[in-house]
1. Mind listing just one residue for me: the one in region 106-125 that is out of contact with any helix residue (DSSP H, G or I) (no Cβ under 9 Å at 6 or more places or on another chain) and over 17 Å from residue 32 (Cβ atoms) and, of those, surrounded by the fewest Cβ atoms within 10 Å (Cβ to Cβ)?
2. Here is a check on your reading of the model: is residue 156 within 20 Å of residue 317 (Cβ to Cβ), in contact with a helix residue (DSSP H, G or I) (Cβ under 7 Å, 6 or more places away or on another chain) and in a loop (DSSP other than H, G, I, E, B)?
3. Just checking, does region 379-390 include any residue being touching a helix residue (DSSP H, G or I) at 6+ places or on another chain (Cβ under 9 Å), without any contact (Cβ under 8 Å) to a residue 40 or more places away in the chain and assigned to a helix (DSSP H, G or I)?
4. Which one of 282, 240, 299, 278 is touching a helix residue (DSSP H, G or I) at 6+ places or on another chain (Cβ under 8 Å) and in contact (Cβ under 8 Å) with a residue 40 or more places away in the chain?
5. Which numbered condition in (1) more than 16 Å from the ligand (Cβ to nearest atom); (2) part of a helix (DSSP H, G or I); (3) surrounded by fewer than 21 Cβ atoms within 10 Å (Cβ to Cβ) is the only one that residue 284 fails?
6. Go through region 210-230 and give me each residue that's farther than 16 Å from residue 77 by Cβ and assigned to a loop (DSSP other than H, G, I, E, B).
7. Can you give me the number of residues within region 251-277 that are closer than 22 Å to residue 157 by Cα and more than 22 Å from the chain's Cα centre (by Cα)?
8. Take region 26-74 and flag every residue that is away from the ligand (no atom under 14 Å from the Cβ), surrounded by fewer than 21 Cβ atoms within 10 Å (Cβ to Cβ) and assigned to a loop (DSSP other than H, G, I, E, B).
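The values are calculated or read from the model by the stated rules, or taken from the named source; none is laboratory data. Everything numeric here is computed off the predicted structure, so don't read it as measured data. Counting neighbours? That spans all protein chains shown, and the Cβs are built from the backbone with ideal geometry, glycine included.
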Ligand SMILES: Cc1cc2nc3c(=O)[nH]c(=O)nc-3n(C[C@H](O)[C@H](O)[C@H](O)COP(=O)(O)OP(=O)(O)OC[C@H]3O[C@@H](n4cnc5c(N)ncnc54)[C@H](O)[C@@H]3O)c2cc1C
């Protein structure tokens with residue numbers, strides 16, 4: 001699919017994208033529209049579509065499907081009509097009409113990959129290093145593979161090894177809390193809990209903690225009410241240092257700074273989490289948590305790059321800046337980075353480094369603005385306890401509350 005009216009056509013030029021998740025695939029699809037011959041390299045050896053987890057959808061994330069794909073946004077998303085806050089007895093303390101749509105990582109990934117195709121999508125390739133010379137960029141993989149291209153985009157996520165090279169000194173900072181995550185089939189909920197939760201994004205707020213719940217596509221992509229999963233993120237404070245390290249050590253003894261996968265959380269931590277859910281959350285939210293077979297964990301961390309471009313090499317998505325999830329805007333920012341890159345290249349004269357230099361300042365600003373906003377939101381929930389039901393400043397949005 002080639003853009004009908006690009007100002008510059010890059011046919012005959014090659015682009016590599018490192019990292020084949022939502023940011024990487026969106027970038028790859030858009031670069032291909034400009035005429036680039038695009039290859040994606042993803043470190044995970046098997047298919048990635050088993051990754052679960054919900055994503056609140058924002059316009060930038062869906063833009064590919066609105067403007068360029070034969071697949072419609074409704075085919076990859078679920079939706080609800082209301083935002084509500086639940087009190088200690090399941091009473092609705094605030095409710096407003098505010099439609100949102102959601103997807104699961106797996107559903108969205110499968111849809112993007114269906115548009116990109118698997119021919120130029122290479123699994124099991126971990127990029128270890130790169131160098132640039134006058135003719136282009138060389139990327140080296142631990143497999144021994146070496147690839148050259150005119151443009152290289154790193155979309156290699158929150159732990160991006162390339163970030164340290166492009167933006168030296170940028171650190172990945174722990175926010176002071178973790179997100180307990182999980183999903184439960186809607187049909188396994190009690191009728192009262194299903195009735196209360198199925199058409200809303202729901203919050204339960206207690207001192208120094210809050211949980212967000214919303215319905216996402218089922219494991220096979222089922223979108224109908226009753227076929228979906230109820231997905232949640234429950235934010236809980238954990239002190240940095242040995243307490244966090246112990247929690248983030250999985251059943252096999254591997255410690256991760258970022259996540260512990262489903263089925264790998266130590267039993268004693270899952271049991272403590274369930275006990276606390278019953279004590280502090282609204283009963284409907286607690287029921288969802290208690291019915292989760294395999295809860296998993298993400299340590300909430302921020303990183304804000306001060307560079308996103310180095311010659312003909314770019315960083316997009318979480319690789320550039322990762323912002324704690326309170327604005328539900330991580331994938332939207334990754335997609336916005338990709339669209340802006342597309343536009344900068346299309347409007348340029350074919351000089352890739354020049355286009356990247358023009359693209360960089362606006363994207364740095366977008367990342368920094370989001371980072372500051374979500375840090376304030378996080379402090380209101382987890383520190384100062386001023387996260388009040390219905391406050392418009394707490395609405396999701398990449399560019400500001402609600403948009
Ligand atoms: C608790 C939580 C809730 C969230 N909720 C939302 C939400 O509701 N809405 C939303 O928009 N965002 C949300 N996010 C953020 C969202 O998950 C990220 O912003 C998004 O996944 C970033 O996409 P990405 O493509 O940049 O990176 P990633 O999805 O992290 O992908 C990076 C890819 O690169 C690969 N990779 C890494 N290193 C290499 C290498 N050296 N070589 C090759 N491949 C490599 C990885 O395997 C991975 O596939 C949430 C995040 C968290 C932690």
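1. Filtering region 106-125 down to residues out of contact with any helix residue (DSSP H, G or I) (no Cβ under 9 Å at 6 or more places or on another chain) leaves 106, 114, 117-119, 122-125.
Next, only the ones that are over 17 Å from residue 32 (Cβ atoms) stay: 106, 123-125.
Numbers: 106: 20, 123: 15, 124: 13, 125: 21.
Only one residue tops the list, namely 124.
2. Values: within 20 Å of residue 317 (Cβ to Cβ): yes; in contact with a helix residue (DSSP H, G or I) (Cβ under 7 Å, 6 or more places away or on another chain): yes; in a loop (DSSP other than H, G, I, E, B): yes.
Judged against the criteria, residue 156 is a match.
3. Yes: region 379-390 contains one or more residues that are touching a helix residue (DSSP H, G or I) at 6+ places or on another chain (Cβ under 9 Å), without any contact (Cβ under 8 Å) to a residue 40 or more places away in the chain and assigned to a helix (DSSP H, G or I).
4. Numbers: 282 fails: touching a helix residue (DSSP H, G or I) at 6+ places or on another chain (Cβ under 8 Å); 240 fails: touching a helix residue (DSSP H, G or I) at 6+ places or on another chain (Cβ under 8 Å); 278 fails: in contact (Cβ under 8 Å) with a residue 40 or more places away in the chain.
Only one candidate passes the filter, namely 299.
5. (3) is the only condition that residue 284 fails.
6. Residues of region 210-230 that are farther than 16 Å from residue 77 by Cβ, as a first pass: 210-213, 226.
The one that is farther than 16 Å from residue 77 by Cβ and assigned to a loop (DSSP other than H, G, I, E, B): 226.
7. Total satisfying the criteria: 1.
8. 35, 68, 69, 70, 71, 72
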